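S.K.: Sharing a structure, written as structure tokens. Questions coming.
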Amino acid sequence: MFVDEAEIHVKAGDGGRGCMSFRREKFVPRGGPDGGDGGSGGSVYLVADPHRNTLVHFQFNPEFAAQRGGHGQGSNRHGRNGKPLEIPVPVGTEVLSRDPDTGETIRVADLTEVGQRILVAKGGRGGLGNAHFATSTNRAPRKTQPGEPGDDRRLQLKLKLLADVGLVGFPNAGKSTLISRISAARPKIANYPFTTLTPHLGVVSLSDDRTFVVADVPGLIEGAHAGHGLGHQFLRHVERTKVLAHLVDVSSESGRDPVDDLDTIRRELELYNPAMLEKPQVIVATKLDAVDDPARVSALQKRAKRLKLPFFKVSAASGEGVPQLLEALWVPVAEGRKAERDLAAAAADASA
Ligand SMILES: Nc1nc2c(ncn2[C@@H]2O[C@H](COP(=O)(O)OP(=O)(O)OP(=O)(O)O)[C@@H](O)[C@H]2O)c(=O)[nH]1
Ligand SMILES: [Mg+2]
């Protein structure tokens with residue numbers, strides 16, 4: 001499981017000051033105190049938003065402050081209350097905070113349901129105006145209260161991610177190289193099989209705030225479903241992805257046939273779980289810069305056409321073809337998310 005993390009600073013609004021004022025009107029000598037109370041400061045809330053999927057945007061915008069309360073005014077006018085601030089976070093975000101006294105990290109909340117809203121910084125109460133302090137012996141009090149400060153906290157956010165796209169292929173196909181090109185993930189890369197021993201996840205950011213999560217899993221070989229090579233133990237990480245990208249080395253270096261490679265991996269996936277091949281899939285020819293025999297590329301392209309699967313050619317080394325691939329992966333990811341939301345909405349309707 002990959003954990004996406006961010007630290008944010010939240011500051012609730014301070015309360016407004018209470019006002020000191022006396023009624024001054026024609027024909028009303030010595031009017032009483034009429035200083036209004038300060039408004040309360042806005043509080044800060046976190047809200048679980050189904051349209052958010054990662055915490056990456058907090059890396060650039062970690063500061064949040066809610067509006068302060070207005071000061072009280074004469075004629076018993078109350079200061080306006082500060083507007084509350086709602087920060088959208090992905091469903092599944094865990095909120096942690098360090099206790100300033102003990103230094104211990106405590107769990108503040110876990111936002112597990114769509115729309116769940118939690119208070120993370122309470123706005124300060126507004127101060128009382130002098131109108132509150134009149135007594136039978138003191139008809140002209142000069143006392144007011146300042147507003148109370150709003151809460152000021154640092155929060156750690158953690159999100160456990162599920163991958164949207166799974167990269168599958170033979171060892172050495174270039175899976176780790178591709179994920180390090182398209183995300184901040186940095187798995188080990190080397191020119192020998194089984195370099196990657198555990199799955200890695202990376203967040204891909206496209207324009208317009210579109211993000212998705214890609215999983216690089218250890219290479220598969222023939223017989224993986226029966227435990228050969230590193231076996232299928234990692235396939236559960238791609239079992240729940242929305243899309244599979246088959247990475248096939250088309251340079252001659254692999255010493256194998258690209259079409260055989262693709263067929264072998266598809267067969268292994270099917271033997272592991274037949275539902276795997278029902279997912280949207282794309283075929284990706286890798287190491288395009290190192291191709292010495294174009295027939296290897298066209299043979300794979302033909303196979304993809306026969307399978308009615310989209311085909312892409314990329315070089316993770318030069319970056320060629322990579323933006324087109326990412327845009328193409330986004331389409332089924334977005335469709336899959338929409339289908340999930342529709343399902344969740346239908347389930348909510350059914351239980352209502
Ligand atoms: N020329 C060229 N070499 C590449 C490209 N992508 C990967 N390679 C090389 O291919 C070798 C294997 O790359 P990896 O990314 O480690 O392959 P992998 O699929 O993650 O391999 P495993 O982790 O063993 O399953 C490395 O030597 C890479 O430098 C590419 O686009 N062009
Ligand atoms: Mg690897």
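S.K.: For the list (1) closer than 24 Å to Leu269 by Cα; (2) within 16 Å of ligand 1 (Cβ to nearest atom); (3) not hydrophobic (A, V, I, L, M, F, W, C), I need the number of the one condition that Gly227 fails.
M.R.: Every listed condition holds for Gly227 apart from (2).
S.K.: Given the options Ala299, Ala334, Ala290, Ala316, name the one that is more than 19 Å from Asp261 (Cβ to Cβ), in the same structural domain as Phe234 (by TED's automatic domain parsing) and surrounded by 12 or more Cβ atoms within 10 Å (Cβ to Cβ). Working first, answer last.
M.R.: Values: Ala299 fails: more than 19 Å from Asp261 (Cβ to Cβ); Ala290 fails: more than 19 Å from Asp261 (Cβ to Cβ); Ala316 fails: more than 19 Å from Asp261 (Cβ to Cβ).
Only one candidate passes the filter, namely Ala334.
S.K.: Taking strands (runs of 3 or more DSSP E) that fall entirely within segment 63-114, which contain at least 3 residues that are assigned by TED's automatic domain parsing to the domain that holds Ser40 and of a type in the set (A, V, I, L, M, F, W, C)? I'd like the intermediate steps shown before the answer.
M.R.: On the way: elements: 63-65, 85-90, 93-98, 105-111.
So the answer is 85-90, 105-111.
S.K.: Can you find a residue that is of a type outside the set (A, V, I, L, M), surrounded by fewer than 19 Cβ atoms within 10 Å (Cβ to Cβ) and assigned to a loop (DSSP other than H, G, I, E, B) anywhere in segment 125-133?
M.R.: Keep residues of segment 125-133 that are of a type outside the set (A, V, I, L, M), which gives 125-127, 129-130, 132-133.
With the extra rule that they be surrounded by fewer than 19 Cβ atoms within 10 Å (Cβ to Cβ), the set shrinks to 132-133.
Restricting the remaining residues to those that are assigned to a loop (DSSP other than H, G, I, E, B) gives none.
Scanning segment 125-133 turns up no residue that is of a type outside the set (A, V, I, L, M), surrounded by fewer than 19 Cβ atoms within 10 Å (Cβ to Cβ) and assigned to a loop (DSSP other than H, G, I, E, B).
S.K.: Exactly one condition in (1) surrounded by 17 or more Cβ atoms within 10 Å (Cβ to Cβ); (2) part of a helix (DSSP H, G or I); (3) in contact with a strand residue (DSSP E or B) (Cβ under 9 Å, 6 or more places away or on another chain) is false for Val248; which is it?
M.R.: Failing condition for Val248: (2).
S.K.: Need pairs with beta-carbon distance below 6 Å; first residue in the same structural domain as Leu262 (by TED's automatic domain parsing) and more than 9 Å from ligand 2 (Cβ to nearest atom) and within segment 170-181, second at pLDDT 95 or above and not in a helix (DSSP H, G or I); sequence gap 6+ or separate chains.
M.R.: Qualifying pairs under 6 Å: Leu178/Ala316; Arg181/Ala316.
The values are calculated or read from the model by the stated rules, or taken from the named source; none is laboratory data. None of the values given here were measured: they were computed from a predicted structure. We place every Cβ from the backbone using ideal geometry, glycine too, and count neighbours over all the protein chains shown.
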